[in-house]
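Step one of this worksheet: look at the structure below.
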Amino acid sequence: MNQKNNNTDYLKKLETATGDLKQMSDKLFDMALHLALTGKWNNWEESMPIGTTTTFNEEMLFKTGDEFISNLTRLRMDLLSEVDRIKSYLGNQKKSLPITKPLLTGHKTIDKATGGLKCGDVIALAGASNKETALKVITKVALQDKVNCGIFSLEKNKEKLVKQMLSIGSKVGLNKITGGRIASNDWPKLDNAADKLSTSPIYIKDNISSEREMSDSTSKAKIKLGLIMVKAHNKSIPVKSLKNIATNLQIPIIVTTKKPVHDFDTVINV
């Protein structure tokens, strides 16, 4: 709870600082503009010609040829660029809806066994269709519930994962997509699915070699993750490590595995 409050306070302070940077950049522009128009600094705030800020832009200030004015303008543009970057970060942090109650996956077996995915839980999916089921859950949660999702695979198969999600989203058979046997009436479905997936809050990282790399990847992801899927069929990451990640991030993790161990919070055959 303290970590959540600290994160909220941090984001509020960052938002305030962003506003201060924006005001500073505006002031720099006014100062540079005043110098360009009058050639002097004194009383620049009081003597600014009315309405001039709406008719001048950075390009015009650069054309004055004055190095100091150009440097002021360049600094102002750098500040604005930083403001945009921070705003983008804040937007991504707020984009993922917080999981304040168990997250329903839409899969009857999973929802019945878990009562909904809970923060800090590590759930194992076993069985013949566990990979497909996990990807269906990720697709549903990301597209319908607007929760940022991460897919971490211990194998080098990002392209294959994307094709599987395309198949799920379009309801076009995976064998058609991988074999290139796509009918004319399938293309609109694939295009629609591709458009949705391209803008969906899904982060994919494959070829993960260790729990340390996975932990580092979660912190480097450009979006605040709300649910993680770990594809660990032929390799494995210690459940204790996954539990630490789930607890630290306060999110649920689902794992597809051939050999589930007793350390998982729940093991479900699908």
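Each reported figure results from applying straightforward, stated rules to the coordinates on display, with no laboratory input. Values in this document were obtained by computation on a predicted structure and should not be read as measured data. With ideal geometry, Cβ positions are generated from the backbone for all residues, glycine too; neighbour counts draw on all protein chains shown.
See the values below:
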quantity: Sequence of Lys189, Lys156 once ranked by neighbouring C-beta atoms within 10 Å, starting from the fewest; calculated: Lys156, Lys189
quantity: Burial ordering of Phe29, Phe68, fewest other beta-carbon atoms within 10 Å first; calculated: Phe68, Phe29
